[in-house]
Every structure is written in structure tokens, then in C-alpha cells.
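The values are calculated or read from the model by the stated rules, or taken from the named source; none is laboratory data. Here the structure is a predicted model, which is why all the values come from computation and not from measurement. Here the Cβ positions follow ideal geometry from the backbone for every residue, glycine too, while neighbour counts run over all protein chains shown. Side chains included, ligands, DNA and RNA excluded: accessible areas come from the protein's heavy atoms. Shrake-Rupley method; radii C 1.70, N 1.55, O 1.52, S 1.80 Å.
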Amino acid sequence: MAYSDQDWPQGTQTLGRGLSIILAIKAGVDTLSGLALEIGCTRSTTQRLTAALLQQGWLRLKSTGRYGLGEKLIAMTPRTQTASPLLGLAAPLLHSLSEVTGKTVQLAVRSDSHAICLMRLEGRQPLPIRARTDQHVPLARTSSGRALILDDSESDWARAYRVSYRHAPAGLTSWINRMRSYRAADCVFDLEDDEIGIHGVAAPVRDASGSIVAAISLTDRAAEMPLMRMKALAPQIIHTATLLSARLGWHEFSDVAD
């Protein structure tokens, strides 16, 4: 799969190298030295190319320091996700969670500074909420969105907050403190943060590398799901997210069975 300048017309070699980097990462090459070897360039040249791809959102740098495909590629069109293994693996787990809890269940993925709902199962009492399949919602506003960024740095959290809450900059400190507690619990609560009268609970889903690739959430009216009920439901959501993570190859949970 190694790249060759001879495969591309004169003047398009840089484009070819960039696309070859993306293909190499898709195939599992995720280090700078590995990518440099793959495209036959120096480390400094490869670093410039990956930096440009990172800046534009075509690549992302994981917390492990390794490269992954960026949100622009993963969610260039949300409908392409329906053909991926994610929904096929998630569907039976989401249906089971919905049946057991009676709540609205959603599966979301990240797209730049937004969360996209890929799948939504209505609860016993349908909710008048605006998050619909394929709709983009700012990451910081919902439980799913915040679950998707639990592994991000606090500076990234701050940027997500500012994008979502331009009208309430004074709330950043308390919001960051909440995110710290959610990261420790690996579970996020939405206490009417996005819509008045609506509560949500969400947990992140990880792939084989440990990176967060999706989030599972339960949503209901605040009166039907007060804080104590949310705390009681949290282990079920975490368990469902753990099962899906195992199906995606997360080695820490490879022995989990449903």
C-alpha cells in the first residue's frame, strides 16, 4: 500500500501523500514514524502534512499520541454510518435498554463541535425534544455530546462550552467541575442543560484503541427521571456502553458477555 510519487500526475504529489496518509491510518498505521515510512517522506515533511490534516479535521490525535481518522471523515455524511458495523452491533443492545427502562434511547457520534444522533428509540412516552436523527447538536449541551468528549483536555472542554453557551460565559468554571466528576464516573448527566424539563444520562462507547467513538443516552422528562432515578439508571447505561465497547474490540472488556 506504500505511496509512490510516480502514481500521481506532476503537481499533485502533495495531494497524493495526504490521501495516502489517510488510507494508511484507516489501515492501522497510526504513528508519525510509521506514516513517514508509508509515504516515503522525511519525518518533518510527514509532520507538516499530518498537522494540516489535523487542523482541518480530517485527522485527530488520540490521547495516546497516535493518529486516527477525524470527524470530517467519520461523519462526512451521517447516513454512511448506517452501513457501518456500529449500528448493527448497537441496535439489539439499544432495543434491550429501551425495553427495560421505558425511556427514550439514543446513539450519537461526534462531528466536529457537534453530536449527531444516529439512532433514536422512543420511550413509552414520546418526548417533545428537538434532537432527531441526523441533527447536529452542540457537544456541550447534551449528555451524549459531553460523553463524547470525556477524554478531551480541559482546554478542549472550554472551547466546546464556549461554542455551545456563548450567552453564559460565567458558567464555565462550574461546568468544567461537573465534567471532571463525569469523567471520574464515566457517565454524564443532563440536568435541563439543553432543554427545560428534560433530563438525560449518557455513557461513552470506546473502540479497540480505547478512543471514544459513540455515546449511548437515556432521556426523559425531569419529573419522570429526577436526579435519584438518574443515579439508579446510570449503571444500566454504563453496562450497555461497556457491552457495545466490547463488541467493538475494546480489550479491557473483551470478556464481557450479554
Given a Förster distance of 41 angstrom, what is the FRET efficiency for residue 155 paired with residue 121, based on the Cβ-Cβ distance and rounded to 0.05? 0.70
Summed residue charge, Cβ within 15 Å of residue 229's Cβ, Lys/Arg positive, Asp/Glu negative: 0
Set the Förster distance to 25 Å, then compute FRET efficiency between residue 87 and residue 62 from the Cβ-Cβ distance, nearest 0.05. 0.65
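At a 1.4 Å probe radius, which order do 231, 103, 26 fall into by accessible area, largest first? Mind showing how you got there, number by number?
Working: 231 110, 103 20, 26 150 Å².
Ranked from most to least accessible, the order is 26, 231, 103.
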Principal-axis tilt of helix 172-185 within the chain, Cα atoms, nearest 10 degrees: 90
Picking from 180, 17, 166, which is most flexible by a Gaussian network model of the chain using Cα springs under 10 Å? 166
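Give, rounded to the nearest 20 debye, the magnitude of the charge dipole that the chain has about its Cα centre when Lys and Arg contribute +1 at Cβ and Asp and Glu contribute -1 at Cβ.
Details: 28 positive and 25 negative charges, 88 e Å.
Value, rounded to 20: 420 debye.
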Decide, for the range 141-258, between rounded, prolate and oblate: order the square roots of the alpha carbon gyration tensor eigenvalues as a ≥ b ≥ c, take rounded if a/c falls under 1.5, and otherwise choose prolate if a/b is larger than b/c, else oblate. oblate
With a sphere of radius 12 Å drawn around the Cβ of residue 174, what net charge do the other residues whose Cβ falls strictly inside it have (Lys, Arg +1; Asp, Glu -1)? +1
Using alpha carbons only, how many degrees (0 to 90, rounded to 10) separate the axis of helix 154-164 from the longest principal axis of the chain? 70
Angle, helix 85-101 long axis vs. longest principal axis of the chain, Cα atoms, 0 to 90°, nearest 10? 10
Just grab the label-to-label distance for residue 227 and residue 14, each label 7 Å out from Cα along the Cβ direction, in nm (one decimal). 5.5
Considering only protein heavy atoms, what is the solvent-accessible area of residue 31 at a probe of 1.4 Å, reported in Å² to the nearest 10? 40
How far is it, in nm, from the label point at residue 32 to the one at residue 163 when both lie 7 Å from their Cα along the line to the Cβ? 2.5
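Which order do peptides 139-152, 202-215 fall in by mean Cβ count within 10 Å, highest first?
Working: 139-152: 25.7, 202-215: 22.4.
For the peptides 139-152, 202-215, the packing ranking is 139-152, 202-215.
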Counting only protein heavy atoms, what percent of the accessible surface of the range 90-202 is carbon or sulfur at a 1.4 Å probe? 54
